[in-house]
Each structure stands twice: as C-alpha cells, then as structure tokens.
C-alpha cells in the first residue's frame, strides 16, 4: 500500500490544478489564477465562517499559486488560525504555509509564537515536531527570544521521543545560527555532546550537525566530542554491512553519518590522546583499504556512498597534515580517481588534490600528476571539471614547472569558457610574476595574456607589469622592444596600447638607437592607435607624448603639432583638452632642465604585494587563497618582490578609488604615494608637487610625531604607514574652519575587524579646538580603503595637537595606534599682502619682548630658494617680495583666524648659506602664537 | 547547510521550491530560472556538481543535482556538505517519494505538492539533514496518514477525480521516474 493515499486530496484543489494545466497560454493561466485569488479573497472576507477543511483547501491553493510564481499577499491570517486547529491536517497545512511564505520579520510572528508554544507543551510528539519545524524554518530573532531556553530542555530530557529529539537538535542549531547570544549552552554542553552516543542513529545524525556548528564556535568547550566521535566512527567503520540495518545504504553502513563525523573531526587538530589517535588512524586506514576492495554492488549508489566517506577521510588526512603515510596513500587514491570513468570522481579528486598540493609532505607527489591534470584541462567535456583542473594546476605550480603550467594555461585561455576567463587571466599573471626567473619571460607572458584575452585583463594586471618593469632596470630595454613589436600588429588590444604608451614613454630611449624603432617611428606607431582608443587611454598617450619631448627633443616639433591641432586642444573631453593645453605650454615654456625634472623617469614603486593577488582573493573567497599564502611564506626569498611589505597596490587603488577619473592618476599622478593623490591637473601644482617630494619618500613614519611635523607646510599626503595600514590625509582650511579627509587603507589581504577611530583633544585643547566626526565602518576589507571626514573649528589659538587613536583586529591580534593629527595653528592663516612700509611699521608695533620669538638653527634640508618658497607658501602666509632690504631674506605676513579673535603674525627668515644656518623671527599680536609658530617652523627648514 | 531545494521539470516549470534562507518571492522565481538555465544546458554524463549561480551566492555554493526522467532535483549547498553525500540524499528522497506514491511521477508532485513538502520535511529541516533512513521517513509519513484518516477526510470521491485527471490527455504525460540507476537514459519528451 502506498504511504500516501492519493485519494485523500481536496477535490477543489485538484480541479483548480487541472484547470491551470489545461490553460493554453500564459494569459489564460494568469486569468484563471486571478479569478481563483478573487474567489479565495472573498471567501476569506465573507461573513460565513469557513470550516477548517475549506481553509485548508484555500491555503493549499495559495501555496500552489505561489509555486507558479505569483506573490501571495493575503491568507497569512487564515494560516495562523489553522495553527490552533485541533485537527492535525489543518495544523499541518497552516505550518507549511507559514514555513514557505512567512519571513522572519513578519508582524505575525507573535501570533505564530503563541501557537507554537501551545504545541510544544502539548506532549503530542507529532504536534511538537510541527512546531519545531516551524521554528527551524522561520528562525527569527523573536522566536529565538521566545524558545531559546526551552528547546535545549526538550533536547536532553529523558522522556523525549527520538523523533522530537531530532527535530529539537536542528531547531536549536537554527536558533544558534540566528541568535548565538540567546542560546546559552553552558549547562547543556556535556549532555548535548553525549548525544553522539545515542542509541538511535537518527538522533546522532541530527545532533552531529548541531555539535559541529557549536564546536566551530566554541572549540574548547566541546573538545570532548573528539573522542566520542572517533569511537562512534570506529564502530560504524568496523561494522559489517548488515549491522546497522536501516542505516545501511546500498551495503555501506551509515555513510551520511560517517561523513558528518569526519567533518566534525576536521574542526579540531589531531587528537592528543594516543589511544584515540591510534583508533582514528586505524579507521582512516580501514576506509582507505575498503576503497581497494571489490565493490559489493554494481549500483552507482554503492560506490557513491563509499566514496563520499573516502573523500571526507582524505579531507581529514589533509587537514591533519601530519601523517606522511596517510598523505601519500590519500594522494595515490586521488591519483586513481583522476582517471576514473566517473566524472563526479574526477571532479572531486581534482578539488581535493588542490588542498593536498599545499601540504609540504605531498606537494611533490601531487606534482607527479601534472600531465593528467593538463590533459583534463584540455579534454574534459564539462566546464566544472575543467575549472577544477585549472585550479589544481595553479595550486601545484612552483618554480620547477611554472613555465609549462603557464604555457598550458595560456593556450587553454584561447578556448576557455567566458565565465572563467578573468579568473584564469589573474592566475596566469600571478604565476608569471611569482615564478619569473628571467623577467623577459614575465614580460612575454603578460603581453601574450593581453594579446589572447585582452578584454579580461583588468587594470591590476597591466598596472602590475608596468610597476615591475619600472622597478627592474634589467628588463626595461627588453620590455620596450617587445611592446614595440607587439604594437606593430594591425589590431592590438587597447590594454596593449596602454602598456605600450607607458613603457615607451619611459624607456623608449633604450631602443631608439635602432633606426627601425627611432623616436619618430615609435611616436607614429603610438599615434596610429590614438584615434581608436577610449578617453583614459588617450589621456595616457598624451602623457607619453610629453615624455617623448623630454626623451627625444627631435620629436618636439611633431608632437607640439599634434597637441596643437583642434582635435586635441579643443577636445570636448575636459581631461584631454587640459592635458593637451598644459603639455603644449609646458613643452614651449619650460627650459630643458625644468622639463627634465618634471618628466623625469618614474622612481621605483615601493615593494608591495601584488594587487592582483588581492583581487583573486576577493573573487575566490578564502578557500582558493590559503594555498597561495602558504606558498608565499615558503618561498618568500625567491619572489619577484623580494617579499617586501605586503599591501595592495595603493597607486592602483588610488586610481580606482578616488573620484577623479582614473586616467589622471596614471603617469604623473602615480608618483605621490598618497591614496588621495588626485592628479596634479594644472602645470603649476604639478611643479609644486615635484618640489615637495620630500614628503612621501621620507622614511616611513615609525615615530608618530614624525608624520605630524611633515604636514606643517602641506595639507595632503601620507600621514602614517606600516605593514598593515596606510593613512592618507587631505585637508582644506578656510578662515577658522577646516575639513580633513582621512583615508585608511588596508594594505593586507585580510579583513580588519572592529575598526574604530577616535579623535580626542587632550587637556586645554578641548576648549580651543572643536573636532567633529562620524564613526567609520567597523570592517575594512583586505585591500580596501575607507574614508573619514573631520570637521574642525578653531575656537582660540592652541599649541597642542588633537590625537587620533585607531584600534582594529588584524587576524587575532588587536592593533592599537595613536597619532598626532597634523592640525596646527598655522592652518588657519589668511595671507595678508602688504607693502614694505606697512610691514616695518607693524613690525615695530609688535615690539614687546613676549611678542617676539626667535630661533637660530642649522638647516636640515636643502636651502634651495624654490623649496623654501614652496614651504613658506604652504605655511599659509603671504610671501612678501621686495620688503626686506636683503633679497636673500624672506618675510611673510598673515592673520590667524580663530573664533574668538584674530592674531596678526609677521615672519622673517634669514638664511645663511655659508654656515648652513637660519635665523627665524616671529612677531605676533599674541605671544603664545609666536612661540608655537617658532617651534613648529624651526623644524621645517 | 542546504540553502535551497528546487525541483523543476525539463521545461523549467517549478514543481517544488523550498528555501532555507529568506528570499523574496520574485527572487525565488529568478533563482529557479537561473538554476534551470545552468543545469538544463548540461549534457547527461557530465558531473553532477557545479558552482552556484550568482543569484544564489556564486561560487561559495554548489548546485548538486540529479535528473530523473522529466524532473530535475537540485540541492544548493554550502561547502560544509559532502557532494556525494548530498547526491545520495537526493536518491534517498526520490526513493522515499517512490515508496510513498508507488511509482512516483511528475503528476504526483503536481497534485500532491503538500504531501511532497511533508515528506521533504522528514528529511531536511531548516536546511540541515534530519533523517537519512528511508524506512524511518516512510514510517513518519505513515503516522501522518493515519492521523489524517482518523480525522475522516473526504476519501473515495476525490480519489476517482484525481485518477481521471491523471489519465486525461494532457500535453505532457511524464514517464515514471526511473530511480534504479541514474545512468539510464530516458528519451527526452520535449517537443524540440
């Protein structure tokens, strides 16, 4: 007899379903459904009270309509009413409707909770199960509040029926997942763990999911589960196929439970207790042995179940990574599966081997399968399997086989499925960089990559090749030559043009000796691509052109001609037009020396972790990365980057994060290491930027004060940087108000958690300066940057600096950092222009001894005129010409704006080039200001 | 954890949708469509696992599916589940349906959607596996049926109605689901 008596359905429902199925068109179906919905609605609203059967029927119809993809916006109340019915079938359909259609923030939850409460206390196991199901399926916070204390009691009570126990275990698991704070295991812990010993296998099956989840979160409290799990596993594995009766599935004893037990053990390190460990190793060996035995059945279910256990056992062996014997056996077993006729097994073997490749013991063993894996990449019909093969090749790659693997991946890329191309490109780029011994191979590989899959080459990839070429002078000539050749192709990808423009602009001179690649030929080649490119690329090419003028003066006339033509100088795109105008002017006004300074070769980039890796990590989640990271730490020395400090490529970040269009962040903008390095967009600021270079290249701010002092005369730059974090500043001041943008960049690939920043004004500063800000997001993803805005108001003059405290968790460790924020009194300067006469008159007025502060000190930096001028301008005062009788001296005037008063300040700086000394004199209407300014400035020159 | 269980036919018509994480109704339908699109274009004899579509959570989730005659059974699971284990679980579920309905076919799922849900509830609860023993599951379903009977539902008349409906000349009369061996090919019934 069938368990479901097919006839007991509801006639009206069957008729309705048949109607729907007979509808000839979508329109007819919708019409029929709308008619039915109207009917049900009127029935629900009608005066006549509906009996349980009708309600049940209508609710069932609604469920069917929902399945067809129509939103159900009524009937919830009727479903809730059914919950309190005494009839099982009515209750059941009510619960079903709620499980399927009610989400966790519905306002009906309270009513539902009432019904659940009744059913839980009914002592009718079937009703209890229905109620527990409902909690587990909806799993709202409110339900957790109502039942989190009740469920554990049901779970461990001696008189609870097995089926209820099973439901209670999973119900508790769901509540724990939604509201871990409400589920307090404390007193129940040991009894829950002992459910692993329960007589009823179903109870163990349900309980193990709960225990696994709890163990992941509180490994110490649940440690005792390890020995219990081992003994349970051992009993199952050693049992004959008939021992467990119903739990034997196609001659395999309790496969599901075995898998779950093996998973649970993967939450822990190998057992410390020798006996337990011995027993476990025995189990694992038995499982491996069984794989070699002839199958007890030809059915695919039999081998499936057997292999499910085998794969979990192998995962556990890999997880322990401590038993070389077992690891080798596991590897051999997977090797067999690589060539198995079952696609599923090939897929899983490739996947498991990927994790095995990162084990020290088995990395070599995995490598022996390289031909098989390459073959899989070429011949598998199923893209899922090919993708796993590509993952495995990536994981097994090392210096010895990198060339072969990269070549195979490149050739696969030509025919690869679109869905996995971008990821493949990233992988090739990473491997090429990581295992490059000669860099010409690296350059060839990346250029090939662009040729084959240009569309999938992201910014990170081509930024990276440029960084590497710039940092390694032994490859620059080769890169220029290769890229020049690549550009000869009639159709080349825009990314190739970008790389070409950049590299020739920097290193075109290295190949200019050959008449076939003379400067003009290079220029014409680049310019032939210009019109086919997008705006950002054109902008980059314009920068390359101006660099050409510097590299090859003989091209100047031609290039100026190009810049001067209407399509450039009157281009409708602002960025292009501006570049054309500025570069044209720059090339005609500036002397060769200035030009050479401005357009100097790019300085080497700071060594950092490849941004490509960060991108891949983002794409693939943690799983795919562990392998790489492990390899990173193993082979640090050999890396291209020499394992310098790791952090995402800030330059690339700047380009993609700042609101300025990325083109302006290329050639010239990339130089300032600040993430806020908005490109200098006028020739003037461009010059200043070059002069104030001291900032970013100064040694990293190990002393927190150090960063502070560097900002007295400038507003933007990097305040602080270490291996983990970079803090950039951009600020602007007006009168007594200021706004400071702080950019926190996570240089690692790991998320920062609980990231908090506090700005405080110590001591009397509190009454002098008003700093306001909003809290920042507590999570900073690896490679990401977040921004914080401070609004600053100067109430009265001040000498101290506000403090910025930063706390966050990196990995497990709490990081704590306090910096002085570079808010100094001079930021509130308004420049004041005045004549020589006025200046000296005021100078004399401020003649009280306290009003003057003077300091004589040795020069710490270059005494170059332009540098000094730039600094004094950065100070915020007006630099007055023709005031001091001695033209070597500098005088400045300004008014400091505070809320309460204005403070006039006069400054005189007398350099003595011979002695490399300065004398600095300040006179201000307020004596404390004189002293503070003198202190600050004495350390700037 | 199992995030969703989807059953749809060769044409993508959903026959059972069960989500264990909340998705709005229209999103549920989109996920079914996306999943159908991903699964249906795959040949037989390729592997039974693939990465989840972007709507359901992308590569952090796997779709594990089996194709029986006219129906696809798709489980969307996270990385904590054993792929082969889930494949067996689908088999257990289908075999249970077969026992409960006696040679289950697509029409049984259509006309007894509620029953299918109840059977599924005995296997999976809140996204976690409750029971894998078929006899135990069937026993629970039988308990439910006895209670239903004892409450004296209408019985014989609708039964006739349903069997009449089943024999009507409908556009698609699905074959019985063949559960013995998934490798047996069933000729496609699709009109294309």
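The values are calculated or read from the model by the stated rules, or taken from the named source; none is laboratory data. What you see is a predicted model; the values in this text were computed from it and never measured. Using ideal geometry, Cβ is built from the backbone for each residue, glycine included, and neighbour counts are taken over all protein chains shown.
The table below lists the values:
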| quantity | calculated |
| --- | --- |
| Unique match (being under 24 Å from residue A:351 (Cα atoms), crowded, with 20+ Cβ neighbours inside 10 Å, within 11 Å of chain A (Cβ to nearest Cβ) and without any contact (Cβ under 8 Å) to a residue 12 or more places away in the chain) among B:82, B:59 | B:82 |
| Residue among A:445, A:415 that alone is without any contact (Cβ under 8 Å) to a residue 24 or more places away in the chain, assigned by the TED database to the domain that holds residue A:485 and farther than 24 Å from residue B:62 by Cα | A:415 |
| Scan of region A:216-229 for residues that are surrounded by fewer than 23 Cβ atoms within 10 Å (Cβ to Cβ) and in a helix (DSSP H, G or I), ordered by number | A:216, A:217, A:227, A:228 |
| Members of region A:824-846 that are surrounded by fewer than 13 Cβ atoms within 10 Å (Cβ to Cβ), part of a loop (DSSP other than H, G, I, E, B) and either touching a strand residue (DSSP E or B) at 6+ places or on another chain (Cβ under 7 Å) or without any contact (Cβ under 8 Å) to a residue 40 or more places away in the chain (or both) | A:833 |
| Breaking point among (1) away from chain B (no Cβ under 14 Å); (2) modelled with pLDDT of 90 or more; (3) not in a helix (DSSP H, G or I), for residue A:322 | (2) |
| Some residue of region B:15-26 being more than 10 Å from chain A (Cβ to nearest Cβ) and either at pLDDT 90 or above or in contact with a helix residue (DSSP H, G or I) (Cβ under 9 Å, 6 or more places away or on another chain) (or both) | no |
| Number of the exception - residue A:855 against (1) modelled with pLDDT under 85; (2) assigned by the TED database to the domain that holds residue A:915; (3) within 28 Å of residue A:762 (Cβ to Cβ) | (1) |
| Sole exception among (1) at the interface with chain A (Cβ under 9 Å from one of its Cβ atoms); (2) surrounded by 21 or more Cβ atoms within 10 Å (Cβ to Cβ); (3) not in a helix (DSSP H, G or I) for residue B:65, by number | (1) |
| Residue satisfying all of: in region A:148-162; surrounded by fewer than 24 Cβ atoms within 10 Å (Cβ to Cβ) and within 13 Å of chain B (Cβ to nearest Cβ); farthest from residue A:216 (Cα to Cα) among these | A:161 |
| Residue pairs meeting the criteria (Cβ under 7 Å; at least 6 apart or on separate chains; first surrounded by 21 or more Cβ atoms within 10 Å (Cβ to Cβ), in region A:120-136; second not in a helix (DSSP H, G or I)) | A:128/A:122; A:133/B:125; A:136/B:125; A:136/B:126 |
| Out of B:87, B:50, sole residue that is facing chain A (nearest Cβ under 7 Å), under 14 Å from the mean Cα position of the chain (by Cα), crowded, with 22+ Cβ neighbours inside 10 Å and outside any loop (DSSP other than H, G, I, E, B) | B:87 |
| Whichever residue in region A:24-53 is modelled with pLDDT under 85 and part of a loop (DSSP other than H, G, I, E, B) and, among such residues, is nearest to the other protein chains (Cβ to nearest Cβ) | A:51 |
| Residues of region A:287-298 that turn out to be in a helix (DSSP H, G or I) and surrounded by 14 or more Cβ atoms within 10 Å (Cβ to Cβ), as a count | 4 |
| Among the candidates B:163, B:150, B:155, residue that is modelled with pLDDT of 80 or more and either surrounded by fewer than 20 Cβ atoms within 10 Å (Cβ to Cβ) or facing chain A (nearest Cβ under 7 Å) (or both) | B:150 |
| In region A:243-253, the residues that are touching a helix residue (DSSP H, G or I) at 6+ places or on another chain (Cβ under 8 Å) and over 12 Å from residue A:302 (Cα atoms) | A:244, A:246, A:247 |
| Selection status of residue B:73, in a helix (DSSP H, G or I) and more than 9 Å from chain A (Cβ to nearest Cβ) | no |
| Counted residues, region A:173-207 - those being over 33 Å from the mean Cα position of the chain (by Cα) and part of a helix (DSSP H, G or I) | 19 |
| Hits in region A:54-85 - residues which are surrounded by fewer than 18 Cβ atoms within 10 Å (Cβ to Cβ), within 20 Å of residue B:29 (Cβ to Cβ) and more than 9 Å from every other protein chain (Cβ to nearest Cβ) | A:73, A:74 |
| Segments classed as helices (runs of 4 or more DSSP H), wholly inside region A:471-580, with at least 2 members that are within 27 Å of residue A:458 (Cα to Cα) | A:473-487, A:494-507, A:519-530, A:535-551 |
| Any hit, region B:110-124, residues being more than 8 Å from chain A (Cβ to nearest Cβ), more than 11 Å from the chain's Cα centre (by Cα) and outside any helix (DSSP H, G or I) | yes |
| Residue satisfying all of: in region B:35-44; free of Cβ contacts under 8 Å to residues at least 40 places away in the same chain and surrounded by fewer than 17 Cβ atoms within 10 Å (Cβ to Cβ); farthest from the other protein chains (Cβ to nearest Cβ) among these | B:40 |
| Selection count where residues are crowded, with 24+ Cβ neighbours inside 10 Å and outside any helix (DSSP H, G or I), scope region A:250-278 | 2 |
| Qualifying residue in region A:824-840 (condition: in contact with a helix residue (DSSP H, G or I) (Cβ under 7 Å, 6 or more places away or on another chain) and over 19 Å from residue A:892 (Cα atoms)) | no |
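Here is a yes/no grid of residues against (1) out of contact with any strand residue (DSSP E or B) (no Cβ under 9 Å at 6 or more places or on another chain); (2) assigned to a loop (DSSP other than H, G, I, E, B); (3) closer than 26 Å to residue A:793 by Cβ:
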| position | (1), (2), (3) |
| --- | --- |
| A:857 | no, no, no |
| A:887 | yes, yes, no |
| A:907 | no, no, yes |
| A:910 | no, no, no |
| A:914 | yes, yes, no |
